[in-house]
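One structure below.
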Amino acid sequence: MAGHLGTQGSGKKEKLDLKALGKLIVYSKRYLPFIILALILAIGGAVCTIIGPDKIKDLTGSITSGIFLPGGVNMDDVIRYGVTLIIIYAVGLILSYAQNFIMGTITQYTSKRLRTDISRKINALPLNYFDTTTKGDILSVVSNDVDTISQTLSMSMADLISSIALFVGVIVMMFKNDWALALITIGVSMLGFVASAIIATKSQKFFNKKQQDLGKMNGHIEDVYTNHKIVSVFGGRKKETEVFEHINDDLFADNWKSQILSGMMLHSMTFVSNISNILIFTVGISMYNTNVNALGIIMSFIIYARLFSQPLSSFAQSMSSFQQASAASKRVFNLLEQDELIDESNKTIVLENIKGDVIFDNVHFGYSKEKEIIHGFNANIKRGQKIAIVGPTGAGKTTIVNLLMRFYEIDSGDIKIDGTSIKDITRENVHDLFDMILQDTWLFEGTIKENLIFNCQNISDEVVNKAIEAVGLSHFISTLPEGIDTKLSDSLNLSEGQKQQLTIARAMVKDSPLLILDEATSSVDTRTEIIIQNAMDELTKGRTSFIIAHRLSTIKNADVILVVNNGDIIEQGNHESLLKKKGFYADIYNSQFVTM
Amino acid sequence: MIKIFKNFQKKDIFFVLICIGLIVLEVWLDLLMPDYTKNLTAILTAPGEKNISEVWVNGGHMFACAVGSFCAAVATAFFSSQIAANFSRTLRTRLFDKIESFSDAEINRFTVPSLITRTTNDVAQMQMLIAMGMQAMIKAPILAIWAICKISGTSIMWTSAVLIIIGSMLVFIGIIIAICYPKFKKIQRLTDDLNNKARENISGVRVIRAYNAEDYQRNKFESVNDEITRNNLFTSRVMGSLMPLLTLCMNALTLSIYWIAAILINNKSGMPERAQVVEDMTAFTQYSMQVVMAFMMLLMIFIIMPRALVSSKRINEVLDTTPSIVYPKEDKGVSFKGEIEFKNVDFNYPDSKVACLKNISFKVKPGETFAIIGATGCGKTSIINLIPRFYDVTSGEVLIDGVNVKDLSKNELEKTISLAPQKAILFKGDIKSNVGYGPNNDVDIDRVNDALSISESSFIKDLEKGIDSEVAQGGTNFSGGQKQRLSIARAVYKKSKIIIFDDSFSALDYKTDMLVRKNIKEKITDSSIIIVAQRIGTIRNADQIMVIDNGQVVGLGTHKELLNKCKVYKEIALSQLKEEEL
């Protein structure tokens, strides 16, 4: 999923978004003193790098002049220059390491904070955020975007500053030494820079095409591999292979084109540095043929030329890093700045030990303002009743229980539990009143016991075992090598039905006064379901419970069946009375007995 | 690793040879340049008037070398990119072909996501190894040896200085990698962990809120976050020393060459010899840089190598697997009527010792509707998997019109059997191409419409583009019930003698379920139909019903017969309907 998004995203060129970068800087402002310190260190390191060649020049001077002196090279001078250089290099080492250390530390702490904030945010967002955003998108923010920020930004921030220092410093030193050679060096380097920039844009085109090809290929093989049975039975193999080969050929072409261009970029940089070396030598010698320390000047310029090309390429690199980082931080802050659930710390009413009367009073609701789904839903549910909600897909069954749980806020009307509006108590309080079991079984990495206890406190093994017994899993779990302490993993290979049994057991452990079952037994076979239902009946005795199921055998025993279509109750009553009515419910139910 | 390069084609090998030639040329030219620098230095250090024209001649030669080296390098880049891209294309084709020949057993063993990564990412790793590594692998040793040969004659002190510096660079890098590598592996694992925890939080958001377990989940996330940060901090601090240390080594190399030059000059008395030292010094500086470069290149290979090794192993695993099911090439030449017979079939899944099916025997007459019912996991799907040979029986026989399925060609099996699988799956494309899926792209529109009406897919009429409506990857733009109906339509479109519906009706509501079955009954008269189901209502009208419990047949007959004689069937029925409704 994330891979897919990535390939789509890279097709477009990411723009540098200064606002997003600004937010990032504000976010990490607590580290500002350290960042400034790191920048100072970076500049210091650059200065060390710049004055190095100047000392090399002096060293070369004293060596070359030694050729003509009878006493040879003045070793005192050599030692002096050498030691100076050693000190400069050592200081450079310390400064640049200190800078790396500080920036690395800041980066890690910042990305940790980002991850923590995102994880907190996920728990504080209203549920409709998750309806409109895919899981892959949010996940890619946690993993990819935070990583991109930490990797690109830490390097490029420090790089950029030291590059600027290096850039300015090298220009100053070159002009101080010789303006003609300086102009040649700068000119040739610039030329090379422009050339590689041109190649880079060209190769970018092929890289993007390559990414698109890869996306296509991924899509195709995912289709073919997952639908292997269909391809095989319906004889589509040859056809699919042709499509694959077509994409494969495109990929081949874009692959080698993008590769040769990036190779050319690298080689043209070497070529340019060779050319500038040659020019420095030839021009240098013709200009300085009488100067004793010509060689020193030339050697120092060769180092300058190398140093000069460094900031140029790191400018280009920082630019693209900043682009990536700004795009990533835009996505991160987009998530972090989403509206959160309304704060409820001022609510003082607490519902406890409830009896279980539930009233839906003219409830209106739509996931978006334009499209209302529930149009004035009314129901008066007495304590201890077993309520079933049935109806075609999209009728709004799940929406009704979602509103009851206050996963969404209703647009108008009211829902009351024991006469208290659920708006007047906190969401946490509402959640505490309910055991909710959903169709999508959600189990996490951990032991069976951990999954059943979840966040409940002080639960004995006895309670856990009783719940397992009740859902009919005790035989299965006793066959596992570590019983309830067995870790859930892919290799355990639980069937969908077994997972549903576990989530029901989890609800039994929580033991709340109200119960919601949303297609909770849809994957359990009907004989096992009866075992669970008997256990449930024990559990639900005296408790108000809400059951949604499209398998009618699941809900036949309900006290009240609400038949819902298009957000309205169109029929209600128990199984027998609804059959007598010969309406919508009876029609669906009786289609089981049509003889043909 | 070496084994995977057997996938090189003749052309690739020829290109590799060309690359070697070009690289030798490039290295020769690169190493020629310092010689001219030496000449230039000689001119410079020579006393008296300088011969300027000679400077330009030398400069010209150097320029020619630079241009030549550049051309050789670009040509190498061309050939190596061809090799890398072609190699990866070959690997992908072979993988795809191989995987297409797999049966379910092999696919399930590798799992689909893993096969996808093997076809794409792992191949990309190999391509990167060749693209970046091959040149380096050829060039680095040539360059290093050649350059060392060139400098070794000049002075032992210089040579040993170079070797010492390179040695210490390697030691630094080695130590840093040795310290960080285990941590990197750990970080990789922790990153997966972190992603899992985040995924868990998002996919379980409703459950977590229903249980007020936000803090519980956050604590789990934070403990991984803490650990990953601790490890990241450690590696970033250690890795942060790498570049400064390498810079120090390079600087130290230059300085020591100069310093040694000073000592060497003082050991010589004559002016020409002394000048010679300076000439050597300039040349040596350049040569030594080349040697250092060569070692850096080798280092890069060692960075890519571990991942490429893993990838090549993963690719070979797929390529070395022999498909467990092989079809006879020749058609048997039977005119099929659609009779199916199982004779004492036993079956266990590969790598599993537990028998999945035990002694299954039954016979479906042409045109009959045959239903299979039983609890989840009892082996219903395993039975029908044996008909189109997704798996082969462990013992016993599966016969179609009296012929063992193992003797039928792939083509004949394809023609005779149609299937709607348990999990409805759609291809990216449009509705038309999904329903009319087959060996080629010609789709009969009338037949598509017929098939859609049989499967009660009236929702298509509400779509703007009708049967030309787009189907997204994985069919995500359709609901479960809609996908199921399209999948039924596809099975019907094919007009095979045998049509299998594997639990295809359970996602439909009772009424649609009934209507679809009624349509099939009325419109498809000359095909044998096998229905796997959980609901009694779905199968009560079948000609024969087989009840499976724990992989064994516990009942076979009509609805009425089974109610009387089969206890399991009666239990299932009573769990869904009342006594009087049966």
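Quick notes on this structure:
- Residue check, B:Gly21 small (Gly, Ala, Ser), more than 10 Å from chain A (Cβ to nearest Cβ) and surrounded by fewer than 18 Cβ atoms within 10 Å (Cβ to Cβ): yes
- Of the residues making up the range A:259-289, those that are among the β-branched types (Val, Ile, Thr) and more than 8 Å from every other protein chain (Cβ to nearest Cβ) are A:Val272, A:Ile280, A:Val283.
A quick yes/no check of all residues on (1) buried (at least 21 other Cβ atoms within 10 Å of the Cβ); (2) among the acidic types (Asp, Glu); (3) in contact (Cβ under 8 Å) with a residue 40 or more places away in the chain; (4) in contact with a Ser or Thr (Cβ under 6 Å, 6 or more places away or on another chain):
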residue: B:Asp407; (1), (2), (3), (4): no, yes, yes, no
residue: B:Ser453; (1), (2), (3), (4): no, no, yes, no
residue: B:Phe459; (1), (2), (3), (4): no, no, no, no
residue: B:Thr476; (1), (2), (3), (4): no, no, no, no
residue: B:Arg517; (1), (2), (3), (4): yes, no, no, no
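- Listed by first and then second residue, the pairs with beta-carbon distance under 7 Å, at least 6 apart or on different chains, first residue in the range B:328-341 and surrounded by fewer than 12 Cβ atoms within 10 Å (Cβ to Cβ), second of a type in the set (Ser, Thr, Tyr), are B:Lys329/B:Ser409; B:Glu330/B:Ser409.
- Tally of residues being within 17 Å of A:Glu450 (Cα to Cα) and in a helix (DSSP H, G or I) across the range B:211-229: 9
Here's the yes/no breakdown for (1) touching a residue at least 60 places away in the same chain (Cβ under 8 Å); (2) charged (D, E, K, R); (3) closer than 30 Å to B:Ser487 by Cβ; (4) not assigned by TED's automatic domain parsing to the domain that holds A:Leu279:
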position	(1), (2), (3), (4)
A:Leu160	yes, no, no, no
A:Lys176	no, yes, no, no
A:Ala195	yes, no, no, no
A:Lys205	no, yes, no, no
A:Ser232	no, no, yes, no
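- Residues that are in a helix (DSSP H, G or I) and buried (at least 23 other Cβ atoms within 10 Å of the Cβ), drawn from the range B:479-507: B:Gln484, B:Arg485, B:Leu486, B:Ser487, B:Ile488, B:Ala489, B:Arg490, B:Ala491, B:Val492, B:Tyr493
- Selection over the range B:423-432 of residues that are more than 8 Å from chain A (Cβ to nearest Cβ), of a type in the set (D, E, K, R) and touching a residue at least 12 places away in the same chain (Cβ under 8 Å) gives a count of 2.
- Residue satisfying all of: in the range B:61-85; more than 9 Å from chain A (Cβ to nearest Cβ) and among the small types (Gly, Ala, Ser); farthest from B:Glu273 (Cα to Cα) among these: B:Ala75
- Residue within the range B:74-90 that is charged (D, E, K, R), under 16 Å from B:Asn7 (Cα atoms) and modelled with pLDDT of 95 or more present: yes
- Residue among B:Met62, B:Met33 that alone is surrounded by 17 or more Cβ atoms within 10 Å (Cβ to Cβ) and without any contact (Cβ under 8 Å) to a residue 40 or more places away in the chain: B:Met62
- A search for C-beta distances below 7 Å between a residue of the range A:74-95 that is at negative phi and at the interface with chain B (Cβ under 10 Å from one of its Cβ atoms) and any residue that is outside any helix (DSSP H, G or I) and surrounded by 15 or more Cβ atoms within 10 Å (Cβ to Cβ), counting only pairs 6+ apart in sequence or on different chains, returns nothing.
- For the range B:400-415, filtered to residues that are out of contact with any Gly (no Cβ under 7 Å at 6 or more places or on another chain) and at the interface with chain A (Cβ under 10 Å from one of its Cβ atoms), the residue that is nearest to B:Ile460 (Cα to Cα) is B:Lys415.
- Every residue from the range B:231-244 that is at the interface with chain A (Cβ under 7 Å from one of its Cβ atoms), crowded, with 18+ Cβ neighbours inside 10 Å and outside any loop (DSSP other than H, G, I, E, B): B:Asn232, B:Ser236, B:Pro244
- Checking each residue of the range B:72-93 against the condition of being among the hydrophobic types (A, V, I, L, M, F, W, C), surrounded by 21 or more Cβ atoms within 10 Å (Cβ to Cβ), in contact (Cβ under 8 Å) with a residue 24 or more places away in the chain and in a loop (DSSP other than H, G, I, E, B) gives no match.
- Each residue in the range A:97-124 was checked for being out of contact with any Leu (no Cβ under 7 Å at 6 or more places or on another chain), more than 7 Å from every other protein chain (Cβ to nearest Cβ) and closer than 17 Å to B:Ser203 by Cβ, and 0 of them qualify.
- Tally, over the range B:183-230, of residues that are surrounded by fewer than 17 Cβ atoms within 10 Å (Cβ to Cβ), touching a Lys or Arg at 6+ places or on another chain (Cβ under 8 Å) and not charged (D, E, K, R): 1
- Per-region count, the range A:429-478, residues over 16 Å from A:Gln501 (Cα atoms), within 12 Å of another protein chain (Cβ to nearest Cβ) and outside any strand (DSSP E or B): 9
- Per the listing A:Asn590, A:Asn565, A:Asn557, A:Asn534, the residue uniquely touching a Gly at 6+ places or on another chain (Cβ under 7 Å) and surrounded by fewer than 17 Cβ atoms within 10 Å (Cβ to Cβ) is A:Asn565.
- Only one of the listed residues (A:Gly446, A:Gly419) is of a type in the set (Gly, Ala, Ser) and within 32 Å of the chain's Cα centre (by Cα). That residue is A:Gly446.
- Residue among B:Ala420, B:Ala375 that alone is of a type in the set (A, V, I, L, M, F, W, C), within 10 Å of another protein chain (Cβ to nearest Cβ), farther than 19 Å from A:Asn227 by Cβ and crowded, with 16+ Cβ neighbours inside 10 Å: B:Ala375
- Residue that is nearest to the chain's Cα centre (by Cα), among those in the range B:13-62 that are among the small types (Gly, Ala, Ser) and at pLDDT 90 or above: B:Gly21
- Any helices (runs of 4 or more DSSP H) falling wholly within the range A:489-569 and containing at least 2 residues that are closer than 20 Å to A:Ala467 by Cβ and modelled with pLDDT of 85 or more: A:496-510
- Where a residue in the range A:266-280 is assigned to a helix (DSSP H, G or I) and its partner, wherever it lies, is basic (Lys, Arg), with Cβ under 7 Å and at least six apart: A:Ser273/A:Arg306
- Single residue of the range A:141-189 satisfying the filter (within 11 Å of chain B (Cβ to nearest Cβ) and surrounded by fewer than 22 Cβ atoms within 10 Å (Cβ to Cβ)) that is modelled with the highest pLDDT: A:Asp147
- Taking the criterion of being more than 13 Å from every other protein chain (Cβ to nearest Cβ) and either assigned to a strand (DSSP E or B) or out of contact with any Cys (no Cβ under 9 Å at 6 or more places or on another chain) (or both), the residues of the range B:533-553 that qualify are B:Gln544, B:Ile545, B:Met546, B:Gln552, B:Val553.
The values are calculated or read from the model by the stated rules, or taken from the named source; none is laboratory data. From a predicted model like this one, the values you see are computed outputs, not experimental measurements. As a convention, Cβ positions derive from the backbone with ideal geometry for all residues, glycine included, and neighbour counts pool all protein chains shown.
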